[in-house]
Every structure is written in structure tokens, then in C-alpha cells.
Amino acid sequence: MADKLYVGVDVGSSATKVVIVNGKGTVLGKALEQSGMDFVAASKTALERAVNDAGASIDDVAHITSSGYGRKNVEFANDTKTEIACHARGAYQHFREAMTIVDIGGQDNKIIKIGADGNRLDFKMNRKCAAGTGAFLEEIARRMNVDMSEMDALARKSEEIVTISSFCTVFAATEILSLIRQGAQTRDIAKGAFRSVVKRVIEMDSLAGKAVATGGVVSHNPIVLELMAESIGHEVLTPPEPQFSGALGAALYAVDEARQ
Amino acid sequence: MADEKKKPIFRKINATGPCKKIMADHFYELDEAAKSGSRKIAWCTSVGPAELLRAMGFLVYFPENHGAILGATRVALDTIPIANAAGYSPEICSYLTSDVGAYMKGETPLSLAYEGITEVPKPDVLVYNTNQCRDVKDWFMWYSRELDVPCIGIESFCNIEISREPHIAAVSRQLQDLVPALEKISGEKFDLDRFKEVVGLSRRCSDLWEETLQMGAAVPSPLTFFDSTILMGPAVVARGTQEANDFYELLIPELKQRVKDGVAAVDGEKHRIYWDGMPIWGKLRDLSTTFLSLQTCVVASTYCNSWVFSDLDPANPFDSMAKAYTDLFIVRSDSAKEEYILEMAKIFKIDGFLFHDAKTCPSNSNNRYGMPERLAAKFGVPSVTIAGDLNDLRLYSEEQSITQIEAFVEQLGEK
Ligand code: SF4
């Protein structure tokens, strides 16, 4: 008989991630789709692709837990969990110790503190605006006419420190125009933008102790990990597939829920 | 496959009907007086010297109550920008901006609720107490200029540990100083016995309101913070009258019966939360539904407790009023507030705190000087802080706040 499948669907503001695990929590398949305007369609497509990736059949699905910004839109889910719970769970699955998790998403940031046994102690979300999120980086890249996928490599070529001080994404964009007028290089501005993200994150909460970063921004731009480590004075780790951390957590919750 | 969540049941409190009646009587009485000139009208800040005004024959109108109605009906969304455009910043009290904006627009939500009322009752005098914030005075001064009406009041202390004799003396003197000006406006002589009587009625109201709130200590709680924001109406607008007291005498037995019968305001109450900070008026219903579906009861709040004035003493009306209005939570230092909140946590058997960081009301946003962190570090009580506002929903991100509340309840469940 085929393994029963437990599915986690994490509908983020920019990408929808699906992870499938078996009853022991081993990852069997996964998929990522752009969330777009239709969360239901995106989550269905991602689910189908993840089932294919697992080489399984949709009939073997035993339980689906949805999470993320669009969690309540996933009609076919059996239950929902917040992204806070799922990120904590996903990261703990890999590291299994007390830590502070920083998740940098498309539209919000979270800092979650968990204890040695994986229990959540505290969490914070950024305030309403896009400061320090993926949306901020995208706006800066767009202003500089640089593809987002090139930002990491570009920033690594930076030789001079350029500081973007504004909180506000729109003001930061204006700041950048004036930096360009003053002759600043795009590579330095790119690095400045990453540094700004790090600053916005570390002012949310203390990152003392073991620090782990997850989310799409970290996954595509590992320079953020380095800049964050530089800033807090100690290493910042990341699980193998940081963008899928929330979906993995949701899948693990699906296992628990199905057992109950 | 979606899980079939049971629809949460709102358990209506029967005394809500009489509560609405008191509010209606309050506004109709003011409207009649404004139209006919039969009584003088004083506008008063919520924790201003209402007892003195009542004793001197004024009908008392509370603009902050109107502010809350503007918020709850979401009319504020249209009126705040008008005041912003007139130079009153979106960063200052959104009661002020929604109320002043509504006045400039010639609109009041009272006209929607109460047939025949078309405008707020024009004041003969504006009386403030800056014990809560500076905004109330700036607010009243706007009307004073606009309507050419005298604006008088009390400049209070702030950030004190607990009132000492010099604080009381200073406030008491200011209260007494108001008397000649008020006599001139009302045309009535100050009558000490009448004043004592009103202070006595107000004290009784305070005691009854406190008793009402204490019901929330029962497990399960028979009422929620969201119920209390409605039920507090008479204590806010009619303290110092027999009608307010009669209302609470009616309400308390109903709640006692609920406690006796084990009737919960939130079915299957699993967690108990303390709400610190202002209500988010335009989202009360949504938030109440969210908590209901999470089987979590917001059992107590700093906000509703702020209308308990246990120091009022009819035998010593001026000094006791000065003390009652100076030892309010909002006037106190962070360490005094912390102690108070912890005491509440014990009485109400709280699992966690919710801090509402209201953008335009710093005085009621107690998360800003590290209190949640201190509470967690010293006493291990977790908290969540949501960013929002009392009236300006432009400053509230619903998606994010609901996620935070859900995540917090999940966290409490995992303990
Ligand atoms: S205490 Fe806050 S809500 Fe009340 S009047 Fe002052 S600023 Fe406005």
C-alpha cells in the first residue's frame, strides 16, 4: 500500500509553496507557484505538481494543512495554522534546538523565538509597511532597472558603503534617485538595500542566541545571511530549503492533526 | 474537505436594551436642551469634572463618546481626512480628528441612530482635564474658537507613581477655581450639598461598574471586553445620575445568574486574555467574532477599568475628586501601570496580554516603553502587540493583526 501523504500548503503574498511528507515527516515532494491573484488556483496547481514530484497519487493524501497569508483561501485544506506556527515547526524540524527564527517574506517579516523543545516563546511581525521586506528589495531593483535575480551577485561586487536610511519604501526610492544623481554605483546601492533590510529586521527584536533565517528573500539572496551575521556579530544559519520552511511546518502539523 | 467550523454564537446580554435606552435618553435630553435652551450644556472630557458640572445644573456631553461612535460607525474614515486637511495631523488623536472633521462636514452619526437629532448639542462651556493627554485641550480649543464658547479646565499631572498631597491640593484648587466661572455661565449658585449628592451617586456608579467588570474573573467569564465596551456607556455618559446606577443594578444580577449557571460569553472558553490599550472601534464586531471562533475570551481591559473611580468620597468632594482623577491608570508611571496590570492578570486568571499600540493615542499605548518584554521576563506571561488605532482604520492592517492573534492563541495552546 502506498504511503499516506500529508500536505502543507503555504500561501505567501508572492509565492505559494507545497510540501508533502509521509507519516514520519520525511519530505516526499514539493512545488512552488507564484501566488498571483488567484490563491485557489495557485495552491491547486502547486499541490498537483508536488504530488507528481512525490511520484504519488492525489488519492493518497490523508490530510492538508494550509498556512500563510492566503491560508483561509485554500478550500481543500482540512485545517489551517498560522505561518508563525509553521515557520517555527519547519525550522525546528531541521535544527532541533532553541533558536530565534527570522523569516523575511514578500510583504512581511517575522521573528519567532522558540525554546529547546520547539515550543514557541514569543513572536513579532513587522509593522504594516513594506520596510525590510521582499517588496522593498523589488522596488529598489525596479528603480535601478536591475532584475531581482541579479541583485545578490551585483551587491557582492560592491566596494563602497552606501546607506539607505529611510524606513519608507517610497522615500527610499527617492533617496536612491538622489544617490544615483550623486554618482553612486548600482552595485553599492544594491548592497545598501540589503543592508537596509537587515537593519529593519534587527531592530524588530534581539537576535541573541542561535539565529536562523528563512523565507524567499534569504533563499534567493544569501548575501542577507552574511550581512545579518556581520551586523549581530554571530553566525546566521538557514535550513536547506529556506523558502519551503513554512510549508514543511504545515505538512508536519498535518501529520499530527491526522493522528488526532 | 474544509473543516466545518461551528458558527460562533453571540450570547446577547439582555440588559443591552436598557443600556441603549439610557444612551438614547442622554442624547435626546441634550438635543432638546440645545434646541430649546432649557438647560445649559457643558462639554466635558471623559475623565474630566463631570460631577461638578452636573451638580451645577449642566447637562454633560462627552465628545470622546461621540468620537467612539464615529469610530464604531466608521464615519470617522470620511471625517478624519477633513481635519487632516485643516492642519490637524493624522498623527494626533483620531477622536479629535474624526470629531472635528465631522463638525466641519456638518455630520454626526447620532442622526443615524436617533431620529430627529441632526447635530451635536452646542455647548455653553467646554471643560477639560489634561490628566489623559494634551489632545483633549487642543480639541476643545478648536471648538472654543469655532463657536466662541469659553474653554476652561484643569491642567493635570502625568506619569506619577501615585498621587501625593501636593498633587491633590493642586488639582483640588483648580477644581474649586472653576466654580465662579461655571456659576456665571449656568446662572446658578454652587450648592455644596448637591455636589456631595452627585459625587455620592457617581461613587456608587463606579462601585457598580467595578462589580460588573469583576464578573469577568469567573471561569468561564460571563462577559467579554467587547460586551463591556457597550455596557460601559452609562458609566461614561451618565455617572452621577440615578439612572446609571439603576442600569447596573439591573445588569449585575443577570451576569451573576450567568456565573451561577456556568454560562460562558465565549463557548468552550480555552484561553483568557487581557486587552491593554484603546478598543479598535470600527472592528469591534470582527475582533469579537475572531476571539469567539478561537474560543478565547478577552476577559478584562485597562480601558474599561478606567471608569472606576473608587476614591470618590461625598464627604470630601473636591479633594476626593482630585484624587480619583489623578490616580487614574493613564496618569501613572510605567512601573505603577505594570504593577496594576499584573494584579489584573492574577485577579482575572489571564493566560496572556494583548497590547494594542494605537498609533494616534500614545497615552493609551502601554507597549512602547518595554512593558511586554518586562512582563514576559519577570513573570513569564506572554503577550502580543498589534499595531492599529482607535478610529483611523488606515493605520490598521487587519490581515496581519488577525494572523498575530491567531498565532498568539496557537502559542497559548501549545504551552
Ligand atoms: S487619551 Fe488618546 S484617545 Fe483619548 S483623547 Fe487623548 S489621545 Fe485621544
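The values are calculated or read from the model by the stated rules, or taken from the named source; none is laboratory data. Not measured: the values here are computed from a predicted model. Here Cβ is always computed from backbone atoms with ideal geometry, including for glycine, and neighbour counts include all displayed protein chains. What goes into the accessible areas is simple: the full protein's heavy atoms, side chains included, and nothing from ligands, DNA or RNA. Shrake-Rupley method; radii C 1.70, N 1.55, O 1.52, S 1.80 Å.
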Nearest-20 debye value, the stretch B:334-415 charge dipole, Cβ charges on Lys, Arg, Asp, Glu: 280
Low-density loop cleavage sites - GluC sites (Glu not before Pro) in the stretch B:142-215, where at most 12 other Cβ are within 10 Å (DSSP): B:GLU161
Residue-count net charge about B:ASP246 - beta-carbon cut-off 15 Å; Lys, Arg +1, Asp, Glu -1: -2
Any idea which of A:THR16, B:ILE22, B:ILE162 is furthest toward the positive side of the dipole for the protein assembly as shown, if Lys and Arg beta-carbons carry +1 and Asp and Glu beta-carbons -1? A:THR16
How many Å³ per residue does the convex hull of the Cα positions in the stretch B:16-413 occupy? 128
Amide H neighbours of B:SER301 under 5 Å, at least 5 residues apart or on other chains, H built in the peptide plane: list them. B:TRP275
What percent do you get for the relative contact order of the stretch A:81-162 when only Cα pairs under 8 Å and 6+ apart count? 21
Hey, what angle do you get for helix B:284-293 against the long axis of chain B, alpha-carbon based, 0 to 90 degrees rounded to 10? 20
For A:THR26 and A:ILE161, what does the FRET efficiency come to when R0 = 41 Å and r is the distance between their Cβ atoms, rounded to the nearest 0.05? 0.35
Enumerate the calculated ³J(HN,Hα) couplings along the stretch B:159-165 in order (Karplus 6.51 cos²θ - 1.76 cosθ + 1.60, θ = phi - 60°), each rounded to whole Hz, writing x wherever the residue is Gly or Pro. 6, 9, 5, 7, 5, 10, 3
Return the FRET efficiency for the residue pair B:LEU250, B:GLN214: r is the Cβ-Cβ distance, R0 is 25 Å, and the value is rounded to the nearest 0.05. 0.90
Residue-wise HN-Hα coupling along the stretch A:43-53, computed from phi with Karplus coefficients 6.51, -1.76, 1.60 (Hz; x: Gly, Pro): 6, 5, 4, 4, 5, 4, 5, 5, 5, 4, 4
Run the reach check for B:LYS184 against lysines, Cα to Cα strictly under 28 Å, same-chain hits fewer than 8 apart removed. What comes back? B:LYS35, B:LYS40, B:LYS122, B:LYS137, B:LYS196, B:LYS323
Inter-chain shielding metric for A:107-120, i.e. average beta-carbon neighbours from other chains within 10 angstrom, reads 2
Between A:ASP53 and B:ASP207, what is the spin-label point distance in nm, taking each point 7 Å from the Cα along the Cα→C-beta axis? 6.8
As a quick test, which of the pairs A:LYS24/A:LYS81; A:LYS110/B:LYS12; A:LYS113/A:LYS199; A:LYS44/A:LYS81; B:LYS21/B:LYS105 have an alpha carbon distance above 26 angstrom in this structure? A:LYS110/B:LYS12; B:LYS21/B:LYS105
Residues with amide H under 5 Å of A:ALA131's amide H, sequence separation 5 or more or different chain, H placed in the peptide plane at 1.01 Å from N; which? A:THR169
Dipole size in debye (nearest 20) for the protein assembly as shown around its Cα centre, Lys and Arg Cβ +1, Asp and Glu Cβ -1? 420
Measure of exposure for A:ASP59: accessible area at 1.4 Å probe, Å² rounded to 10, is 130
Between B:THR130, B:THR79, A:ASN221, whose Cα lies farthest towards the positive end of the dipole of the protein assembly as shown when Lys and Arg beta carbons carry +1 and Asp and Glu beta carbons carry -1, centred on the Cα centre? A:ASN221
Hey, what's the stretch A:97-238 come to in accessible area per residue, 1.4 Å probe, Å²? 44
The stretch B:95-209 - Kirkwood radius from inverse mean 1/r over Cα pairs (Å): 16.9
Give me the compactness ratio for the protein assembly as shown, meaning the Cα radius of gyration over 2.2 N^0.38 Å. 1.07
Where GluC sites (Glu not before Pro) fall in DSSP loop in the stretch A:213-242, at most 12 other Cβ within 10 Å: A:GLU235
Is there a quick way to get the dipole size of the stretch A:97-238? I mean about its Cα centre, with the Cβ of Lys and Arg at +1 and of Asp and Glu at -1; what is the value in debye to the nearest 20? 340
Taking chain A as the reference, fit the longest principal axis to its C-alpha atoms, fit the long axis of helix A:245-259 to the helix C-alpha atoms, and give the angle between the two in degrees, 0 to 90, nearest 10. 20
For the stretch B:329-343, just list the computed ³J(HN,Hα) in residue order, Karplus coefficients 6.51, -1.76 and 1.60, θ = phi - 60°, integers in Hz, with x standing in for Gly and Pro. 3, 5, 7, 8, 6, 4, 5, 5, 5, 4, 4, 4, 4, 5, 4
Restricting to DSSP H runs of at least four residues, report the calculated mean residue ellipticity at 222 nm for chain A, -39500 (n - 2.57) per run over all residues, nearest 500 deg cm²/dmol. -12500 deg cm²/dmol
accessible surface per residue for chain B, probe 1.4 Å, DNA/RNA/ligands not counted, whole Å² -> 39
Mind checking the stretch B:328-384 for trypsin sites (Lys or Arg not before Pro) that DSSP puts in a loop (not H, G, I, E or B) and that have at most 15 other Cβ atoms within 10 Å? B:LYS349, B:ARG368
In nm, to one decimal, how far is the modelled label at A:MET37 from the one at B:ARG134, with both set 7 Å along Cα→Cβ? 4.8
Mean residue ellipticity (222 nm) of chain B, computed from DSSP H runs ≥ 4 via -39,500 (n - 2.57), nearest 500: -16500 deg cm²/dmol
Placed amide H near A:THR214: partners under 5 Å, 5+ positions off or other chain: A:VAL102, A:ASP103, A:ILE104
What shape does the stretch B:321-415 have by the C-alpha gyration tensor, where a ≥ b ≥ c are the square roots of the eigenvalues, rounded means a/c under 1.5, and otherwise prolate means a/b greater than b/c and oblate the rest? oblate
Given axes a ≥ b ≥ c from the Cα gyration tensor, I'd like to know whether chain A is rounded (a/c under 1.5), prolate (a/b larger than b/c) or oblate. prolate
Length gain on complete extension for the stretch B:ARG374 to B:SER293, per 0.36 nm per residue less the alpha carbon to alpha carbon distance? 26.2 nm
